[in-house]
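The values are calculated or read from the model by the stated rules, or taken from the named source; none is laboratory data. Keep in mind that this is a model prediction, so the values were computed, not measured. With ideal geometry, Cβ positions are generated from the backbone for all residues, glycine too; neighbour counts draw on all protein chains shown. Side chains included, ligands, DNA and RNA excluded: accessible areas come from the protein's heavy atoms. Shrake-Rupley method; radii C 1.70, N 1.55, O 1.52, S 1.80 Å.
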Amino acid sequence: MAKDFIHKDIKFAKTLHSDYYIDSEKFSRIKKIFHKKWHFAIHASEFEDSNLIPLGRMGSLMNEEIVLSKTSDINPLSNVCTHRGMLLVNKKCTLPRINCPYHGRKFNLEGKFQSMPKFETVENFPTVEDNLKKFHLQEWKNILFLSKNDHENFHDFIEFLEKRIGWMDIENFSFEPSKDRSHVINANWALYVDNYLEGFHIPFVHGDLNKIIENESYKTELFSNGVLQIGYSKSKDLCFELPEESPDFGSNVAAYYFWVFPNTMFNFYPWGLSVNIVVPLNIEKTEVIYRGYVKNPHLTSEGAGGDLDKVEIEDQEVVEAVQLGLSSDSYSQGRYSPEKETGVHHFHRLLIESLK
Ligand code: FES
Ligand SMILES: [Fe+2]
C-alpha cells in the first residue's frame, strides 16, 4: 500500500516508488491508461504535401495502427487491412485511394471498401465489417488529437491551454520537417516525464540554457490534467511579445512548457511550437519524438528554444543514469523539494490516481 500512495502534501510526501519504473506488471497497467487518453496526432499543416499520414507511434500509445486521410474532412482510420491484417500505408504519401500491398484490396479515402480481386463468389460480402474502422478525432487551433474510445472529455483536456495561450495564432504555424527527431533512450517513460517537470536541474545540467533563463523566477503551475512551467528570459529581446489579454502580459516569458498527462509536451517559444511525444516502448526503453511548427523562422536559433538538441542530449544522459540508479536494490523512494518539484509530485499523484 505504501508503495501505491503519494501524500497530498508535498512536505510529507515520498516520491513514486521505484517499482513504477522497473516492474513489468505495473508497466502493463500503466499502458492501459494511455489507451484511454487523447493523443496529439499532427498539426493540419502537415497535409500540405500529402493526403495520407500514417501514425506508427499509435501502435505503442493506443494499441492501434492509424492512418489519417484527407478528403473534405480528416478521417482517422485503422491502418489495418480488413482481409488478413496487413498494414496499409507505411509512409506519408498522396494517393487517390488506399490500396493493400498484400492482395490488392482497395478502400476509398473515407475507409469504405471498394474492391478485392478473386472475391466474386464470396457470400455476404462486402459488409460494413470490410470497411476500415474509424477512431475519434478532435481539433484545437489546427492541432489534431486522436482517441481510441473518447473516454476523456476533450474540452477538459484542452481547457488550460486555451485559457493560457488562446491568444496565440497556432492555426497559422507551419510544419517544419527539419525539426523532426526521434530519440530512443534506455529509460522508463516516466523518468523522462519526471525530468521534464522540474527546472530544478537546469543550473546543474544545462549550462547554456541556464545563461538564458532566470532561475529564481522560473514558475510551475498545476492544472487538473497537467503542468505548465514558465521560463523567463534574462534579456528583453528573447521573449514573447504578449498581448494585453494574456495573463502574463508585461513579463519576459522565454518559454511556455506545457505537459499534458500522461505523455505529451507542448513547448512554445517565440519561434513557434515544439511538441515532444513520449512513447513507452518497454519498461526501460522509450522513444521521444519531436515535431516542430514554426511561426517566426528567423527566431529558430534564438533564446530558450534555440539549441534543443543540446538540451535533449543533456537530459537523456541524466535520465538514463537515473534508470540505472533506481534499479539498484538499495534505492526505492526519495523526497520532493516543495519549492522546486511540485510538477513531479503532481504527475506522480495523477499516475497513482489513474491506476485506481
Ligand atoms: S491483407 Fe490486405 S488484401 Fe490481403
Ligand atoms: Fe532538462
**OP:** Take GLY199 and decide whether it is in the same structural domain as ILE10 (by TED's automatic domain parsing), more than 20 Å from GLU159 (Cα to Cα) and either within 16 Å of ligand 2 (Cβ to nearest atom) or touching a Ser or Thr at 6+ places or on another chain (Cβ under 6 Å) (or both).
**Re:** yes
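Out of everything in the range 115-135 that is of a type in the set (A, V, I, L, M) and either within 16 Å of ligand 1 (Cβ to nearest atom) or modelled with pLDDT under 95 (or both), what residue ends up being nearest to GLY85 (Cα to Cα)?
LEU132
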Original post:
Being more than 12 Å from ligand 2 (Cβ to nearest atom) and part of a loop (DSSP other than H, G, I, E, B), is that true of even one residue in the range 204-215?
Top reply: yes
**OP:** Report, by residue number, each residue of the range 67-84 that is touching a Gly at 6+ places or on another chain (Cβ under 9 Å), of a type in the set (Ser, Thr, Tyr) and away from ligand 1 (no atom under 16 Å from the Cβ).
**Re:** SER69
Original post:
Taking only pairs six or more apart or across chains, which ones have beta-carbon atoms under 7 Å, a first residue in the range 253-269 that is in contact (Cβ under 8 Å) with a residue 12 or more places away in the chain and in a strand (DSSP E or B), and a second residue that is open to solvent by 10 Å² or more (accessible area, probe 1.4 Å) and of a type in the set (Phe, Trp, Tyr)?
Top reply: VAL253/TYR232; VAL253/PHE240; ALA254/TYR232; ALA255/TYR269; TRP259/TYR196; MET265/TYR196; MET265/TYR257; ASN267/TYR257
**OP:** Inspect the range 96-110 for any residue being assigned to a strand (DSSP E or B) and more than 16 Å from ligand 1 (Cβ to nearest atom) and give the result as yes or no.
**Re:** no
Original post:
Mind checking whether some residue in the range 216-231 is within 14 Å of ligand 2 (Cβ to nearest atom), in a loop (DSSP other than H, G, I, E, B) and in contact with a Phe, Trp or Tyr (Cβ under 8 Å, 6 or more places away or on another chain)?
Top reply: yes
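Residue by residue, here is whether (1) within 16 Å of ligand 2 (Cβ to nearest atom); (2) within 25 Å of ILE10 (Cβ to Cβ) holds:
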{"residue": "LEU299", "(1), (2)": "no, no"}
{"residue": "GLY303", "(1), (2)": "yes, no"}
{"residue": "GLY306", "(1), (2)": "yes, no"}
{"residue": "VAL311", "(1), (2)": "yes, no"}
{"residue": "SER330", "(1), (2)": "no, yes"}
{"residue": "GLN333", "(1), (2)": "no, yes"}
{"residue": "GLY343", "(1), (2)": "yes, yes"}
{"residue": "HIS346", "(1), (2)": "no, yes"}
{"residue": "ARG349", "(1), (2)": "no, yes"}
**OP:** Name the single residue, out of those in the range 111-144 being touching a helix residue (DSSP H, G or I) at 6+ places or on another chain (Cβ under 7 Å) and part of a strand (DSSP E or B), that is nearest to PRO54 (Cα to Cα).
**Re:** LEU144
Subject >> Leading residue by the ranking (farthest from GLU314 (Cα to Cα)) among those in the range 216-240 that are within 26 Å of the chain's Cα centre (by Cα) and open to solvent by 50 Å² or more (accessible area, probe 1.4 Å) >> reply: SER224
Subject >> Leading residue by the ranking (surrounded by the most Cβ atoms within 10 Å (Cβ to Cβ)) among those in the range 154-198 that are over 14 Å from the mean Cα position of the chain (by Cα) and in a strand (DSSP E or B) >> reply: ILE185
Original post:
Is one or more of the residues making up the range 112-124 out of contact with any Pro (no Cβ under 8 Å at 6 or more places or on another chain), open to solvent by less than 40 Å² (accessible area, probe 1.4 Å) and more than 16 Å from ligand 2 (Cβ to nearest atom)?
Top reply: no
Subject >> Residues of the range 47-62 classified as in contact (Cβ under 8 Å) with a residue 40 or more places away in the chain and outside any strand (DSSP E or B), total >> reply: 9
Subject >> Any hit, the range 293-316, residues being assigned to a loop (DSSP other than H, G, I, E, B) and small (Gly, Ala, Ser) >> reply: yes
Original post:
Going by the conditions given, is THR94 away from ligand 2 (no atom under 16 Å from the Cβ), open to solvent by 60 Å² or more (accessible area, probe 1.4 Å), within 16 Å of ILE53 (Cβ to Cβ) and modelled with pLDDT of 95 or more?
Top reply: yes
Original post:
Among the candidates VAL319, VAL275, VAL288, which residue alone is at pLDDT 95 or above, touching a Lys or Arg at 6+ places or on another chain (Cβ under 6 Å) and either charged (D, E, K, R) or surrounded by 19 or more Cβ atoms within 10 Å (Cβ to Cβ) (or both)?
Top reply: VAL275
